[in-house]
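Okay, so here's the structure we're looking at.
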Amino acid sequence: MTRMSRLSVLLYLACALSLPAVVAAQDADNTRESPRNVILIIGDGMDDHQITIARNYLKGAAGTLQLDAMPMRGAVQVLTIEDKVGGKPLYVADSANTASSIATGVVTSRGRISTTAGSDEPVPTIVELASAAGYRTGLVSTASVTDATPAAFASQINFRLCENPAVMHEVSYSDIPLGNCIDHLKANGGGGSIAEQLVESPLHVILGGGQKHFAPQAEGKSRSVLALAQDNGFATATSADQLQQADFNKKLLGLFAPSTLPVRMRGQNGREAESPEVSLLHQVHDYLGEVTLPEVMRCEPNPEFGNTPTLKAMTDTAIAHLSANNSRGFFLMVESASIDKASHQRRPCGSIGEVQQLEEALQSALDFSREQPNTLVIVTADHTQAAQLVPQESLYADFPIPIYTPGKIARIQTPEGSVMAVNYATNNFAMEEHTGANVPLFANEVGRDIIPPFIQQPQLFGIMTRHLGL
Ligand SMILES: [Zn+2]
């Protein structure tokens, strides 16, 4: 029923029931649809191991996280395919294809940003659809804002590492060529690099790291990507103070570090998970020898974090900016990125601090959803990660033989006085791998009524677009 026809019915009822017309008019105002919002919070790599490790450390084993109090809890099956048309399933994802699934509803291949596997066609994202329908949109991340998760919500390109115009012809790492995005150059009919696409997108708020990706010259211009953002109406911020003083009359691009924002916590003196020291006496017997596990360590504040804006501070600014004088509503994606990145680096304290940041941002989202009850709050992860919570002393320690992990292990002193061990053993390389299990899903009361307890990842797109009536 349209607002006018609802008003007509109310006026008719007011007359029929002899109510004063002024009361009927007030009622009509009260029944006007309130703004509809979606706040999607993604814990990158935040699987149940990460949540349990963080709960044990932050709240104690019998404690409760904010996540645990969410009224809806379910699981999400992650889907990934090979990079060809009709490609077979792959059972382990990356952040590019998973964020693309959530942002577009389309299953694609690893490394792709909202483009189709094999055929490289751009797919419309929820940010584009919501903006076209009059909603405001925003992205917040503790990674570079050009990193795969935020990128997939507002850009389309074949390769996630084409984050700025200087790398479109060749992306390399330690002189190893990794790929290119020549087909997506503007000169070739594409949208250009991820940074260029973000500043030319309809986004109202973009907050996170990644200054270095906005410094290169924009394709076909004599100006940097950052200058292009200012041309397109973005105010820019580079410090927590500037974030606080943001002008809500302009769009906002806040970049608070050259690349990924520093994490909040680290291992004692920067320690990571380490290999056990093993001396086997093969010459005596295959099963004789000694094992020394790494020393127990504390987590401590990361001195590099300094005045970096917290994920909560960025989320609060984004919500305030997107909701100010806005009767339609908004879509906001918030990512706690380094749960994943710290896990790649075997840094459990880094991951714990990032779950804590996600918890604080979630509190902001839930507080706002009480002010505007048509706010769907969803928390999920994109894929699972390498970290495993293992016994700090082997369950088989009583056997008179050396038993140890073939991977690396951190033994962490918890505030409640116990020792928690986190193990990483997915490879022998400098970086751990992702893993392929279901990821967790949480939602507020709005979500409890509309989200089944088990879904496939692309279904999140439909759940959010339906809530916004797209
Ligand atoms: Zn990762």
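Each reported figure results from applying straightforward, stated rules to the coordinates on display, with no laboratory input. Values in this document were obtained by computation on a predicted structure and should not be read as measured data. Every residue, glycine as well, gets a Cβ built from its backbone with ideal geometry; the counts of neighbours run over all protein chains shown.
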Item to check | Amide H contacts of residue 90 (H built 1.01 Å from N, under 5 Å, at least 5 apart or other chain) | outcome: 80, 81, 82
Item to check | the range 182-248: radius of gyration and largest Cα-Cα distance (Dmax), Å | outcome: 12.8, 41
Item to check | Kirkwood Rh and Cα Rg combined as Rg/Rh, the range 131-246 | outcome: 0.96
Checklist outcome for this item: Whole-Å distance linking the alpha carbon centroid of the range 237-268 with that of the range 418-453 is 26 Å
Item to check | Calculated log₁₀ intensity ratio I(q)/I(0) where the Debye formula runs over C-alpha points of the range 268-408, q = 0.10, 0.18 Å⁻¹ | outcome: -0.54, -1.07
Checklist entry - If you count the DSSP beta bridges with both ends in the chain, what percent of them are antiparallel, to the nearest 5? => result 50 percent
Next on the checklist: Applying a 10 Å radius around every beta-carbon, put 114-122, 361-369 in order of their mean neighbour count, most first.
Outcome noted: 361-369, 114-122
Checklist outcome for this item: With +1 at each Lys and Arg Cβ and -1 at each Asp and Glu Cβ, the charge dipole magnitude of the range 234-339 around its Cα centre, to the nearest 20 debye, comes out at 800 debye
Item to check | residue 230-residue 418 FRET efficiency (beta carbon distance; Förster radius 51 Å; 0.05 resolution) | outcome: 0.45
Checklist entry - In percent, how large is the relative contact order of the chain, given Cα pairs closer than 8 Å and 6 or more residues apart? => result 25 percent
Item to check | Computed label-point distance, nm, for sites residue 88 and residue 287 using a 7 Å Cα→Cβ extension | outcome: 3.9 nm
Checklist entry - So what are the radius of gyration and Dmax for the Cα set of the chain, in Å? => result 24.5, 102
Next on the checklist: What FRET efficiency comes out for residue 394 versus residue 431 if R0 is 25 angstrom and r is the Cβ-Cβ distance? Round to the nearest 0.05.
Outcome noted: 0.45
Item to check | Antiparallel DSSP beta bridges within the range 235-320, as percent of all bridges there, nearest 5 | outcome: 70 percent
Checklist entry - Counting every Cα pair in the range 395-470, what percent are over 17 Å apart? => result 69 percent
Checklist entry - Which whole number of Å³ per residue matches the convex hull of the alpha-carbon atoms in the range 40-179? => result 158 Å³
Next on the checklist: Using 10 Å bins from zero, what percent of all Cα-Cα pairs in the range 97-199 falls into each bin?
Outcome noted: 17, 49, 30, 4, 0
Item to check | the range 108-174, dipole about Cα centre (Lys/Arg Cβ +1, Asp/Glu Cβ -1), debye to the nearest 20 | outcome: 180 debye
Checklist entry - Say the cut-off is 25 Å between C-alpha atoms; which of 221/250; 186/341; 251/312 go over it? => result 186/341
Item to check | MRE, 222 nm, helices only [DSSP H, n ≥ 4, -39500 (n - 2.57), over the chain, to nearest 500] | outcome: -8000 deg cm²/dmol
Item to check | Average Cα contact separation per residue, the range 330-468, under 8 Å, 6 or more apart, as relative contact order % | outcome: 27 percent
Next on the checklist: Just want the answer: with Cβ charges of +1 for Lys and Arg and -1 for Asp and Glu, which residue in 103, 215, 158 is farthest toward the dipole's positive end in the range 66-220?
Outcome noted: 103
Item to check | Electrostatic dipole magnitude of the chain [Cβ: Lys, Arg +1; Asp, Glu -1; Cα centre; debye, to 20] | outcome: 1220 debye
Next on the checklist: Restricted to Cα positions, what overall size does the range 225-295 have along the principal axes? Three whole-Å values, descending.
Outcome noted: 76, 23, 14
